[in-house]
Amino acid sequence: MREVENSFGGNTCRCTGYRPILDAFKALASDATKDLKEKFRDIEYFMKNCHLSTESCSIKCLKCKRKTEKIQQSEDNAIYELDFAELALAPKKLQINLEENRRWYRVSSIREIMEVFDLISSSERFTRWIFNVGKGVYRLPEPPTVYIDISDVTELKSYTVTNEHLELGANITLAECIKLFRTLSAQNALLYGYTSVLADHIEMVANVTVRNVGTLAGNLSIKHQHHEFPSDIFLIFLAVGAQVTIHNKTGINYTVPLLEYLQLDMNFKVMSSVWLPALSSKHYRLQTFKTHASKTECYLIGKPLTKQETLSNALNILCSEIHPEVEPVEASPEYRKKLAISLFYRFVLGVNPDLVNEPYRSGYNNLQRPLSSGKQEYVSNKKEWPLTQPIPKIESLIQCSGEAEYVNDILKYPTELYGALVLADKANAVITNIDASMALKMTGVMAFYKADDIPGRNTIIDPTIGYGLQIEAEEIFCSGKTLCVGQPIGVVVAVSQELAIKASHCFKISYSSVGKPLLTVQDVLDSGDQSRIMLQQTIEPTQTKRR
């Protein structure tokens, strides 16, 4: 069941019932409890009567004739065999011409990749991809004109193990890499035992869904294009001295260290493999974290790590070296700095536990999360109905049956247009001009509407209605001073959603009186801007009795 639970590290919406879904999958595990299996029976045995008796169908009916009826072979099987034959004879290399002069190639070898490179002009934008997971982090400003599908290139998905090194195909997925590292560390613990530590770290990268499709080359390529990208793969491979092999279209291939790879021009080049050295467990001990502290590394070279003086000096250097940046969505810089220092200290405790005083030894061990469990109880009192009465959701039947029609299911109307919001890119500033000329010149862009084009009041909620609350008018489109980055300024309308979104980035917005952003409640109070403060209630002090 733990394996099933760990496979749920993706995006499962809680509103669909996360725990029941998880329990249903855990019921399929070999070590599932009897109660769990009974609670989540297979649909084949749920509310089904046996045709041989009046009793409900049981999973114990292993000799039931109904289960062993021979399936009559279809006369159409010959057609399916022809389909398989056509698929087997289909060419591995394929070219498809797309609209807007875009081309899509499927290749089966590195040589064919180079042949496609010869067909691409220097002015064309191209991308090599399998699933293109990177677009979830960095979106391309312009779509490529040439796509190269390299998912069938066997050379990029194989691996080789020797007593000197491990060569990994660059298109091995992170999930495949984890599995390989687990196997290799068990089979050859002396030379590749450290790969189990790499596997532990990679399991914390992204989620199961991304690791199943994201590749080594894909992750490293994002780091190559965006040096600020915090690539865990790059960092842990750099720690063990990994190198990468590069092929160019002249037929020459060469191997370079990771830091040198970051400086290479990868245009019309392909990363074919990643090399990891064999590191004897008798001489090396590996523990990973997402911080590269080069000054601390240099200090520790040749020094006994278990000596108190060495440890104290290393911690002081590490403390002065780490300077986390302020990230609004992350923990505070102070916390992250202390976290890095404490994790290094924990690593030292585990280098040689026999030399550590017993009360401190447990500091190295990671806390093991137990298997999750839960139950759902709902008490219904008929005297209070319809309160507490269990009532099915009105839309549940048509939604579960697939009959519900959503917006994306509705057919496009002949005159239908699409809109995209044009957003402010500065906060606490006054808009002086909106230049829409570049967007409106684009073929297929029909119009742009802003605050002045709204008939009636430019407000989402009419504050005069109240709804029993003290509310403030909120503009549909900003008419003057921007309240935040991302505030809607207008909407651009085009013949397609893609074009509308593209056009929304072609506006030039001019500002004046740009002020300092007020990011916290304390910032607003310190600014003295009373317009941002609404008095809702005043509580007068009353006399209390003395004790």
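The values are calculated or read from the model by the stated rules, or taken from the named source; none is laboratory data. Treat the numbers as computed from the prediction; the structure is a model and nothing was measured. All Cβ positions, glycine included, derive from the backbone under ideal geometry; neighbour counts span all protein chains shown.
Summary of values
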read-out	value
Within the stretch 174-199, tally of residues that are touching a residue at least 40 places away in the same chain (Cβ under 8 Å), in a helix (DSSP H, G or I) and not aliphatic (A, V, I, L, M)	2
All positions within the stretch 449-460 that are surrounded by 13 or more Cβ atoms within 10 Å (Cβ to Cβ) and aliphatic (A, V, I, L, M)	451, 454
Near pairs, Cβ below 6 angstrom, 6+ apart or cross-chain, from the stretch 418-435 (without any contact (Cβ under 8 Å) to a residue 24 or more places away in the chain) to any residue that is buried (at least 16 other Cβ atoms within 10 Å of the Cβ) and small (Gly, Ala, Ser)	none
Flag for residue 412 being closer than 21 Å to residue 532 by Cα and of a type in the set (Lys, Arg)	no
Tally, over the stretch 156-180, of residues that are out of contact with any Lys or Arg (no Cβ under 9 Å at 6 or more places or on another chain) and closer than 25 Å to residue 94 by Cα	3
Cβ pairs under 8 Å, 6+ apart, first in the stretch 209-235 and in contact (Cβ under 8 Å) with a residue 24 or more places away in the chain, second among the charged types (D, E, K, R)	211/203; 229/223; 230/290; 232/290; 233/223; 234/223; 235/290
Residues satisfying the stated conditions in the stretch 206-221, i.e. crowded, with 18+ Cβ neighbours inside 10 Å and either among the hydrophobic types (A, V, I, L, M, F, W, C) or part of a helix (DSSP H, G or I) (or both)	206, 210, 211, 216, 217, 218, 219, 220, 221
Condition met for residue 376 (surrounded by 10 or more Cβ atoms within 10 Å (Cβ to Cβ) and of a type in the set (S, T, N, Q))	no
Checking residue 279 against (1) part of a loop (DSSP other than H, G, I, E, B); (2) closer than 28 Å to residue 193 by Cβ; (3) of a type in the set (A, V, I, L, M, F, W, C); (4) modelled with pLDDT under 95, the condition it does not meet	(4)
Only one of 229, 289, 234 that is of a type in the set (Phe, Trp, Tyr) and in a helix (DSSP H, G or I)	234
Subset of the stretch 345-369 [surrounded by 12 or more Cβ atoms within 10 Å (Cβ to Cβ) and either out of contact with any Leu (no Cβ under 8 Å at 6 or more places or on another chain) or not aromatic (Phe, Trp, Tyr) (or both)]	346, 347, 348, 349, 350, 351, 353, 356, 361, 363
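To keep it simple, each residue is scored yes or no on (1) touching a helix residue (DSSP H, G or I) at 6+ places or on another chain (Cβ under 8 Å); (2) without any contact (Cβ under 8 Å) to a residue 12 or more places away in the chain; (3) assigned by the TED database to the domain that holds residue 445; (4) β-branched (Val, Ile, Thr).
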{"position": "475", "(1), (2), (3), (4)": "yes, no, yes, no"}
{"position": "479", "(1), (2), (3), (4)": "yes, no, yes, no"}
{"position": "483", "(1), (2), (3), (4)": "no, no, yes, no"}
{"position": "491", "(1), (2), (3), (4)": "no, no, yes, yes"}
{"position": "495", "(1), (2), (3), (4)": "no, no, yes, yes"}
{"position": "498", "(1), (2), (3), (4)": "no, yes, yes, no"}
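Residue-wise test of (1) among the polar types (S, T, N, Q); (2) in the same structural domain as residue 343 (by the TED database); (3) exposed (fewer than 15 other Cβ atoms within 10 Å of the Cβ).
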| residue | (1), (2), (3) |
| --- | --- |
| 224 | no, no, no |
| 232 | no, no, no |
| 252 | no, no, yes |
| 259 | no, no, yes |
| 269 | no, no, no |
| 272 | yes, no, no |
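Residue-by-condition table, conditions (1) part of a strand (DSSP E or B); (2) in contact with a Phe, Trp or Tyr (Cβ under 6 Å, 6 or more places away or on another chain); (3) surrounded by 10 or more Cβ atoms within 10 Å (Cβ to Cβ); (4) of a type outside the set (A, V, I, L, M, F, W, C):
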residue: 390; (1), (2), (3), (4): no, no, no, yes
residue: 393; (1), (2), (3), (4): no, no, no, yes
residue: 403; (1), (2), (3), (4): no, no, no, yes
residue: 428; (1), (2), (3), (4): no, no, yes, yes
residue: 434; (1), (2), (3), (4): yes, no, yes, no
residue: 438; (1), (2), (3), (4): no, no, yes, no
